[in-house]
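Have a look at the structure below, then the notes.
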Amino acid sequence: MKKSKTILVCTLLSGSILFSSCIGSFGLWNSLKDWNQGVNNKFVNELIFLAFHIVPVYGIAYLADVLVLNSIEFWSGSNPVASIGEVKTVQGKDGEYLVKTNEDGYTITKKGEEKSVDLVYNKENNTWNAVTDGQSFELVRINEDGTATMSLQNGTSMTVMPDEQGVAAARVATGNSLFFAAR
């Protein structure tokens with residue numbers, strides 16, 4: 001009886017490490033869902049949806065994300081199923097942009113133009129930087145206390161909380177500019 005209690009306690013403690021309040025990106029499950037939604041015929045889409053529930057493909061993908069992949073993402077900071085090299089088209093207020101996922105960030109190019117901007121995450125400094133024409137500009141530094149320090153266009157910086165009020169204050173300070181670190 002004492003041995004079974006010890007096993008139960010060890011199992012619960014091990015589970016607490018796996019379920020360490022990391023929501024994660026659910027990369028595997030979302031990739032599977034996106035693929036299914038990409039099927040152009042709604043009847044085929046429904047058949048795939050039902051088949052993936054009967055043969056528990058969705059369930060296995062979800063379980064793999066919860067138990068393994070999201071835990072890896074939480075502890076390492078990167079998702080092993082991330083779509084590196086994937087290019088998506090995003091509609092902006094002044095045109096369409098191609099956003100390519102890189103290992104350390106994104107490359108953004110306006111459709112029809114060759115010039116691009118790289119948004120690069122520096123893990124060592126915990127910063128997001130804009131890189132263009134060989135020059136790097138620090139955009140945001142994530143601080144240890146959970147706040148974010150933004151570099152403003154006038155050369156000053158502003159520290160905000162990553163919540164609705166912080167975003168609103170940042171928008172006011174930047175004049176709604178998307179690229180606010182360049183001078």
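The numbers here are math on the coordinates, done by the rules we state, and not lab data. Remember, it's a predicted structure, so these values are computed and weren't measured experimentally. Cβ atoms come from the backbone with ideal geometry, glycine included; neighbour counts cover every protein chain shown.
Things worth noting here:
- Estimated distance in nm for a label pair at GLN135 and GLU114, the labels positioned 7 Å out from Cα along Cα-to-Cβ: 2.0
- Least to most buried among TRP29, TRP128 (fewest other Cβ within 10 Å first): TRP128, TRP29
- For the set LYS33/LYS93; LYS88/LYS115; LYS42/LYS100; LYS88/LYS111; LYS42/LYS111, the pairs lying more than 23 angstrom apart at their alpha carbons are LYS33/LYS93; LYS42/LYS100; LYS42/LYS111.
- Between the beta carbons of ALA51 and VAL90, assuming R0 = 41 Å, the FRET efficiency works out to 0.80 to the nearest 0.05.
- The stretch 24-73 shape via C-alpha gyration tensor axes, a/c threshold 1.5: oblate
- What the pair-distance distribution of the stretch 87-174 shows, using all Cα-Cα distances binned every 10 Å from zero, is 16, 39, 39, 7, 0 percent.
- Pairwise FRET efficiency - SER83 versus ASP145, Cβ, R0 = 35 Å, nearest 0.05: 0.65
- Sequence of GLU73, GLU124 once ranked by neighbouring C-beta atoms within 10 Å, starting from the fewest: GLU124, GLU73
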